[in-house]
Amino acid sequence: MTDKKKLISRRSLFSTGAGLGALALTTKSLLAKEANKKNLPPNVPEWTEALGEGVDANPYGMPSEFESHVVRRNVEWLTASTESSVNFTPLQDLEGIVTPNGLCFERHHGGTTIINPTDYRLMINGLVDREMIFTLDDLKRFPQVNKFYFLECAANGGMEWRGAQLNGCQYTFGMVHNVQYTGVKLSDLLQETGLKNSAKWILAEGSDSSGMTRSIPIEKIKDDCIVAWAMNGEALRPEQGYPVRLVVPGWEGNMWVKWLRRLEFGDKPYMTREETSKYTDLLSDGNARMFTWVMDAKSVITSPCPEKPIIHRGFQQISGLAWSGRGKIKRVDVSLDGGKNWKTAQLHPPVLDKSLTRFTIPFEWGGEELLLQSRAIDESNYVQPTIQELQKIRGVNSIYHNNSIATWLITKSGKVDNVRLG
Ligand code: MTE
Ligand code: CO
């Protein structure tokens, strides 16, 4: 291809009509081997000659049978038992910023609890003026909020502290999801119960068998916590805490108590198992960081990635996700050479507070090896660190809060590997 032609085909991609033409040609040449010629132009495809399924075929719609590879997956050696387990969101197969409900990763310590909403109650007790018990219908009488937030498990990427281990975007980054929650602001519920001046902390308790309990400071409770009953427009899924879960925007997923049963107000943290023996970070000097609630800025390139190799040379898009527990994403940089040179990616609206943000950047691949990285910067000007910068402060004993820059090695064949630099 001459330089002039290159320029033309690249520019044509930006204008929809001509762009589609250029893309269609590439797609045809790649897929022609696999397709059933009978169905290709100029023939009339077989699906045009028969009636389709009736409208009653799927009272609750499911994805196309050709998308059956887009599923949550687990890692065998991380699965103690299916009841105390985790699976991962297939980020590499998703577009935009919304995680479909059936693909949100699950993390349970005692299995998915099934609750009949008629039997559901939320109790608020402790240092309040009036201890109260709410039914689900009671909660729904309050003013509602509808907010997109990411939820990330503090252990996301926890296997990668000492080196690259799992060769997949899904396994190294998939303990995150992003949905629109509907619920009532916890501060609105507190107008009913009143609050004693001595109330400084809350104990959030789940009703599953795991005894999930976390302490949350009163400032966060008053700021933006939500008692939520819906995600992406429908009732919460059982896996996500049906009928009610706590939403703690920007803070580690463990605090987002599912199957929420009780909120107790106290004057000090409750020092539960989940905030003492777990969800603390052991440093090199033997001390442990505690109450590390905020999820720092992070990003991942979802295409290409180990599950999404590069399949053609020439013009194409790098696409990825960035998020921060401190607010909005301000900028994402992408490097093709392992962090020596950076270019700023395009952020796709909506760019929301404490939500996944989609970024893309076009590039042209000539078949050379690349070291692909992305780096998120949030509105507090926090810059996503390298693993070396993070290890300098935190050592290598942590499981939680690994928000370092990952590297995808693009090999000459287009295959992509998760690697560690330096
Ligand atoms: N709440 C209860 N009641 N039981 C649990 O096991 N797991 C926590 C948190 N809330 C858990 C819970 C952890 S560790 C995480 S990361 C998130 O829920 C996971 O939420 P998800 O399953 O909706 O992805
Ligand atoms: Co978790």
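The values are calculated or read from the model by the stated rules, or taken from the named source; none is laboratory data. Predicted, not measured: the structure shown is a model, and the values here were computed from it. Methodologically, a virtual Cβ is constructed for each residue, glycine included, from the backbone with ideal geometry; neighbour enumeration extends over all protein chains shown. Protein only, heavy atoms only, side chains kept; ligands, DNA and RNA dropped before computing areas. Shrake-Rupley method; radii C 1.70, N 1.55, O 1.52, S 1.80 Å.
Structure summary
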read-out	value
Residues of the stretch 222-238 that turn out to be open to solvent by 30 Å² or more (accessible area, probe 1.4 Å) and in contact with a Gly (Cβ under 9 Å, 6 or more places away or on another chain), as a count	1
Any chance Glu205 is more than 16 Å from ligand 1 (Cβ to nearest atom) and surrounded by fewer than 23 Cβ atoms within 10 Å (Cβ to Cβ)	no
Lone qualifier among Pro309, Pro249 - being modelled with pLDDT of 95 or more, of a type outside the set (A, V, I, L, M, F, W, C) and over 19 Å from the mean Cα position of the chain (by Cα)	Pro309
Residue ID - farthest from ligand 1 (Cβ to nearest atom), chosen from residues in the stretch 223-247 that are within 19 Å of Leu103 (Cα to Cα) and acidic (Asp, Glu)	Glu234
Filter result for Val86 (at pLDDT 50 or above, open to solvent by less than 70 Å² (accessible area, probe 1.4 Å), over 27 Å from Tyr181 (Cα atoms) and of a type in the set (A, V, I, L, M))	no
Hits in the stretch 254-278 - residues which are closer than 30 Å to Ile393 by Cα, within 10 Å of ligand 1 (Cβ to nearest atom), open to solvent by 10 Å² or more (accessible area, probe 1.4 Å) and in contact (Cβ under 8 Å) with a residue 60 or more places away in the chain	Asn254
Boolean, Tyr279 is within 16 Å of ligand 2 (Cβ to nearest atom), in the same structural domain as Val184 (by TED's automatic domain parsing) and either of a type in the set (Ser, Thr, Tyr) or touching a Phe, Trp or Tyr at 6+ places or on another chain (Cβ under 8 Å) (or both)	yes
Test result for Glu83, over 23 Å from the mean Cα position of the chain (by Cα) and either farther than 18 Å from Leu246 by Cα or among the basic types (Lys, Arg) (or both)	no
Within the stretch 193-236, tally of residues that are assigned to a loop (DSSP other than H, G, I, E, B) and among the acidic types (Asp, Glu)	2
Top-ranked residue in the stretch 174-192 [being assigned to a strand (DSSP E or B) and away from ligand 1 (no atom under 16 Å from the Cβ); ranked as farthest from Asp353 (Cα to Cα)]	Val184
Hey, Thr112 in contact with a Pro (Cβ under 6 Å, 6 or more places away or on another chain), open to solvent by 30 Å² or more (accessible area, probe 1.4 Å) and under 24 Å from Pro238 (Cβ atoms) or not	yes
For Glu83: the one exception among (1) within 13 Å of ligand 1 (Cβ to nearest atom); (2) touching a Ser or Thr at 6+ places or on another chain (Cβ under 6 Å)	(2)
Unmet requirement for Thr135, which otherwise passes all of (1) of a type in the set (Ser, Thr, Tyr); (2) surrounded by fewer than 19 Cβ atoms within 10 Å (Cβ to Cβ); (3) within 14 Å of ligand 1 (Cβ to nearest atom)	(3)
